[in-house]
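The values are calculated or read from the model by the stated rules, or taken from the named source; none is laboratory data. The model shown is predicted, which means the values in this text are computed figures rather than measured ones. For neighbour counting, all protein chains shown are included, and Cβ atoms are generated from backbone atoms with ideal geometry for every residue, glycine included. These area figures cover heavy atoms from the full protein model, side chains too; ligands, DNA and RNA do not enter into them. Shrake-Rupley method; radii C 1.70, N 1.55, O 1.52, S 1.80 Å.
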Amino acid sequence: MRALPDHAALLLVGDVDQLPSVGPFVDAADAEEGVQKLLAIVRERIPKRFRLDPIRDIQVLCPMNRGGLVTRSLNIELQNALNPPGEIRIDRFGWTFCPGDKVMQVENDYDKDIYNGDLGVVSRINMEEGELHVGFRRPDNQLRLWRTG
């Protein structure tokens with residue numbers, strides 16, 4: 001405000017129906033503490049309070065690609081906590097996939113009617129063929145299967 005010249009006017013406009021800004025569920029001193037608190041919230045607190053399945057019913061949104069609380073490291077930590085890799089697994093695209101993992105489609109596939117942002121669950125892995133089968137639940141409650149080889 002001090003930077004405004006004396007002859008200037010400042011008009012602030014707001015929207016009474018706008019949602020408040022998103023803030024943290026809890027405070028954390030650093031990224032490591034943040035990851036541990038996030039895991040506790042997703043694995044224990046939310047499922048206990050709302051009777052939700054942590055894989056099927058909870059989605060963690062991450063606004064950053066750099067730092068300790070980033071998409072890649074959070075996905076790895078969440079997988080280790082909720083669906084640790086077992087003997088049946090496949091490595092694709094720099095990730096380890098296991099049956100039961102939640103996945104997100106990251107590009108449109110019009111032929112398969114699966115689009116960027118669609119969420120699915122790894123339903124089966126064929127290690128001999130190197131195939132990953134994913135089931136995507138559509139808004140019309142239809143299940144679409146997708147595989148990559």
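With a sphere of radius 11 Å drawn around the Cβ of Ile58, what net charge do the other residues whose Cβ falls strictly inside it have (Lys, Arg +1; Asp, Glu -1)? Please report the intermediate quantities before stating the final value.
Details: positive: Arg43, Arg45, Arg56, Lys102; negative: Asp53, Asp57.
Value of the local net charge: +2.
Order Ser73, Ser123, Ser21, most accessible first, counting only protein heavy atoms with a 1.4 angstrom probe.
Details: Ser73 40, Ser123 70, Ser21 110 Å².
Descending order: Ser21, Ser123, Ser73.
What is the sum of charges, Lys and Arg at +1 and Asp and Glu at -1, for the other residues whose Cβ falls under 13 Å from the Cβ of Arg124?
On the way: positive: Arg89, Arg147; negative: Asp101, Glu128, Glu129, Glu131.
So the surrounding residues net to -2.
For a label point 7 angstrom out from the Cα of Asn80 toward its Cβ, which stretches of the range 33-48 have the backbone nitrogen within less than 19 Å?
Under cut-off, by backbone N: 33-44.
Which whole-number percent of Cα pairs in the range 1-51 have a distance greater than 15 Å?
On the way: 883 of 1275 pairs.
Roughly 69 percent, once rounded to a whole number.
Lys and Arg at +1, Asp and Glu at -1: add these up for the other residues within a Cβ distance under 15 Å of Gly67 and post the number.
On the way: positive: Arg66, Arg72; negative: Asp30, Glu32, Glu33, Glu77.
Taking every Cβ under 15 Å from that of Gly67, the sum is -2.
Please work out the Kirkwood hydrodynamic radius for the range 1-139, using every pair of different C-alpha atoms, and report it in angstroms with one decimal place.
Numbers: mean 1/r = 0.0545 Å⁻¹.
Across the range 1-139, the inverse of the average 1/r is 18.4 Å.
Rounded to a whole number, what is D in µm²/s for the range 60-146 from Stokes-Einstein with the Kirkwood radius over alpha-carbon pairs (20 °C, 1.002 mPa s)? Walk me through the numbers before you get to the answer.
Numbers: Rh = 14.0 Å.
Estimated via Stokes-Einstein, D reaches 153 µm²/s.
Compute the acute angle (0 to 90°) between the alpha-carbon long axis of helix 71-82 and the principal axis of greatest extent of the alpha-carbon atoms of the chain; round to the nearest 10°.
So the inclination is approximately 50 degrees.
If you filter the range 35-118 for GluC sites (Glu not before Pro), then keep DSSP loop positions with at most 16 other Cβ within 10 Å, what is left? Mind dumping the intermediate values first?
Values: sites: Glu44, Glu77, Glu87, Glu107; in loops: Glu87, Glu107.
Listed in order of number, the matching sites are Glu87, Glu107.
Modelling each spin label as a point 7 Å along the Cα-to-Cβ direction, I'd like the Leu145/Glu87 distance in nm, to one decimal.
With each label placed 7 Å out from Cα toward Cβ, I get 2.4 nm.
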